[in-house]
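Working notes, structure below.
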Amino acid sequence: MTEFIGYPIWWGGAVWPVNHFVTDNDFTGEKVIPFATSASSPLGSSGSDLATMIGTGDWQEGQRLSSNASAGEVSS
Ligand SMILES: Cc1cc2nc3c(=O)[nH]c(=O)nc-3n(C[C@H](O)[C@H](O)[C@H](O)COP(=O)(O)O)c2cc1C
């Protein structure tokens, strides 16, 4: 199965409640695609930081969207 994990970037990283979400779940055997919204910061290491924190799942590179992304940008 493929899991999409979305969060806003706060202070250059994934907003911290997401840490609890990933550590409370087991992504073994799952493809995990992180995505984030931000005012200007890139996705940066936020996805790989979460991957390191949990240690399970096949984490993909993911994508950053602007905070006012249109439906078309999200689906492309
Ligand atoms: C406390 C706080 C810290 C933030 N830090 C960043 C940041 O470091 N870089 C950035 O580009 N945007 C930052 N933002 C903007 C959020 O990423 C942006 O508001 C969010 O992605 C849009 O999602 P929302 O509609 O749920 O607020 C910050 C916002 C808040 C409230």
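Any read-out appearing in this document is the output of simple, stated calculations on the displayed coordinates, not a laboratory observation. Note that the structure is predicted; figures quoted are calculated from it, not measured. Because the Cβ atoms are built from the backbone with ideal geometry, glycine has one as well, and the counts that use them run over all protein chains shown.
A few comments on the model shown:
- Candidates Gly44, Val18, Trp59 compared by Cα position along the dipole of the chain: farthest toward the positive end lies Gly44, with charges placed on Cβ.
- Over the chain: helical MRE at 222 nm, DSSP H runs n ≥ 4 each giving -39500 (n - 2.57), nearest 500: -7000 deg cm²/dmol
- Note on Ser76 and Lys31: their simple-model spin labels are 2.2 nm apart, each label 7 Å out from Cα toward Cβ.
- Extent along principal axes [Cα atoms of the chain; Å; largest to smallest]: 32, 26, 16
- Computed from point charges on the beta carbon alone (+1 for Lys and Arg, -1 for Asp and Glu), the dipole magnitude for the chain about its Cα centre is near 220 Debye.
- Additional length obtainable on full extension of the chain from Ser66 to Asp24, 0.36 nm per residue less Cα span: 12.4 nm
- DSSP-defined beta bridges in the chain - what % are antiparallel, rounded to 5: 15 percent
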